[in-house]
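One structure is given here, and the rest of the page talks about it.
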Amino acid sequence: PQSKQNEVRSFVEMGLNDFSISRLKSKMPWGIEVPGDSDHVMYVWFDALTSYISTLGWGTDEEKFSYWKEGNPIQYCGKDNNRQQSAMWQAMLMSAGINNSSHVIVNGFIQSGGMKMSKSTGNVISPFDIVDNFKEYALHPEDVLRFVMCHDVSSTDDSDITKDTIQSSYVANLQNGIGNQVSRIMKLSSMYLDAKTINTIILEGEKAKLDAEFTTYLDNYKISEAAKFISTKIKLLDEYIQSTEPFKLIKVDEGREEGIKIITKCVSELMSISHHLYFFMPNTSYHIYSLIKDNKVPEKPLFGRII
């Protein structure tokens, strides 16, 4: 992010000095000893940062290390690690003659109720609890957690989530959003579309490209914006159904042909939505695809009603 890049630029412009890669063992007895000097241990950040490349075969497996050398290494870190990742680590790579990271994506913190999560405050939210809390309602409760983390948490800034905001997001975006939409569209599809139409939708959907705006967000590491782009697609499809009312047209002879066209368009758009959802909710995405392919109504809602 530009703000974090400016932060590192300012640090560099102040002038750079050598930094020590060891600490006295007497002050840090739990550290890893420096080779050849048992009185010193490795500075924890130096040791941790080198694991980025040592685990990829640096110095031991050149073929494996091509992943870094010939690839496009991208690093993620919290905002409190910006200096270590964007200045110190890059200097270490340069000193060893290794190509630098191509990007460093700096995330903000996740807070709860306006405060940093901590056991003493009592505002810690366990990801395991989120999954467990939605097992009764969602066919794929792990996708609820994925959705919240991608949709409701900013890619770069601090974000605040609570149990209440998670439930509100579930109701608005999953229960009343994609969950209700899948049941609604697939009910119409299973009643009025034939196998030939479904096969055409599947074939065209599998060849279709992702929306350019969506891929631009992903290419620029704007995960939250990409997830919200899908929410907008879902909302627009709901508005289209409400304005065209295929459920009414299909019941009268003079409106049946137009109703079929609208339902076909709705299923095609649902196919596109499932394709885009794959990046954030893979199990839900595949479930929607399977329902379309089999032209079936879900046996129970993908995201059941809480309130």
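Just checking, does the stretch 73-87 include any residue being open to solvent by 60 Å² or more (accessible area, probe 1.4 Å) and part of a loop (DSSP other than H, G, I, E, B)?
no
Output the residues belonging to the stretch 8-25 that are of a type outside the set (F, W, Y) and either over 17 Å from M92 (Cβ atoms) or surrounded by 12 or more Cβ atoms within 10 Å (Cβ to Cβ) (or both).
Applying the first criterion (of a type outside the set (F, W, Y)) to the stretch 8-25 yields 8-10, 12-18, 20-25.
Correct list: V8, R9, S10, V12, E13, M14, G15, I21, S22, R23, L24, K25.
Go through (1) open to solvent by 60 Å² or more (accessible area, probe 1.4 Å); (2) farther than 19 Å from N100 by Cα; (3) in contact with a Phe, Trp or Tyr (Cβ under 9 Å, 6 or more places away or on another chain) one by one and return the number of the condition E33 breaks.
(3)
Any residue in the stretch 88-107 that's over 27 Å from S224 (Cα atoms): show its pairings with residues that are open to solvent by less than 50 Å² (accessible area, probe 1.4 Å) and β-branched (V, I, T) at Cβ separation under 7 Å, as long as the two are six or more apart or on different chains.
Once the first residue is over 27 Å from S224 (Cα atoms) and sits in the stretch 88-107, its partners that are open to solvent by less than 50 Å² (accessible area, probe 1.4 Å) and β-branched (V, I, T) give I98/I53.
Please specify each residue of the stretch 141-166 satisfying the condition of being touching a Phe, Trp or Tyr at 6+ places or on another chain (Cβ under 9 Å), buried (at least 18 other Cβ atoms within 10 Å of the Cβ) and not in a helix (DSSP H, G or I).
If the condition is that a residue be touching a Phe, Trp or Tyr at 6+ places or on another chain (Cβ under 9 Å), buried (at least 18 other Cβ atoms within 10 Å of the Cβ) and not in a helix (DSSP H, G or I), then S155, T156, S159 are the ones that fit.
Considering only residues that are within 15 Å of F147 (Cβ to Cβ) and either among the acidic types (D, E) or in contact with a Gly (Cβ under 8 Å, 6 or more places away or on another chain) (or both), which ones fall in the stretch 275-303?
If the condition is that a residue be within 15 Å of F147 (Cβ to Cβ) and either among the acidic types (D, E) or in contact with a Gly (Cβ under 8 Å, 6 or more places away or on another chain) (or both), then L302, F303 are the ones that fit.
Taking the stretch 214-260, which residues are exposed (fewer than 15 other Cβ atoms within 10 Å of the Cβ), of a type in the set (A, V, I, L, M, F, W, C), part of a helix (DSSP H, G or I) and over 24 Å from the mean Cα position of the chain (by Cα)?
none
Determine, yes or no, whether D294 is open to solvent by 20 Å² or more (accessible area, probe 1.4 Å), of a type in the set (D, E) and closer than 18 Å to E204 by Cα. Outline the logic, then answer.
Numbers: open to solvent by 20 Å² or more (accessible area, probe 1.4 Å): yes; of a type in the set (D, E): yes; closer than 18 Å to E204 by Cα: yes.
For D294, the condition - open to solvent by 20 Å² or more (accessible area, probe 1.4 Å), of a type in the set (D, E) and closer than 18 Å to E204 by Cα - is met.
Quick check on the stretch 276-291: of everything there that is part of a helix (DSSP H, G or I), open to solvent by less than 30 Å² (accessible area, probe 1.4 Å) and in contact (Cβ under 8 Å) with a residue 40 or more places away in the chain, which residue is farthest from T232 (Cα to Cα)?
For the stretch 276-291, the residue satisfying everything is L291.
Cβ contacts < 8 Å: first residue under 16 Å from E33 (Cα atoms), restricted to the stretch 48-59; second residue aliphatic (A, V, I, L, M) and at pLDDT 90 or above, any location; separation 6+ or different chain. Result?
T50/M92
Is it the case that some residue within the stretch 44-62 is modelled with pLDDT under 95, open to solvent by 60 Å² or more (accessible area, probe 1.4 Å), aliphatic (A, V, I, L, M) and assigned to a loop (DSSP other than H, G, I, E, B)?
no
Of the residues in the stretch 193-208, how many are modelled with pLDDT under 95, among the small types (G, A, S) and surrounded by fewer than 18 Cβ atoms within 10 Å (Cβ to Cβ)?
1
I'd like the residue in the stretch 88-105 that is in contact with a strand residue (DSSP E or B) (Cβ under 6 Å, 6 or more places away or on another chain) and hydrophobic (A, V, I, L, M, F, W, C) and, out of all such residues, is least open to solvent (accessible area, probe 1.4 Å).
Ranking the candidates gives I105 first.
Read through the list (1) surrounded by fewer than 16 Cβ atoms within 10 Å (Cβ to Cβ); (2) farther than 16 Å from I288 by Cβ, then give the number of the only condition that D211 fails.
So the condition that D211 fails would be (1).
The values are calculated or read from the model by the stated rules, or taken from the named source; none is laboratory data. These numbers were taken from a predicted model, which means no experiment stands behind them. Note that each Cβ is placed from the backbone with ideal geometry, even for glycine, and that neighbours are counted across all protein chains shown. Surface accessibility is based on the protein's heavy atoms, side chains included, excluding ligands, DNA and RNA. Shrake-Rupley method; radii C 1.70, N 1.55, O 1.52, S 1.80 Å.
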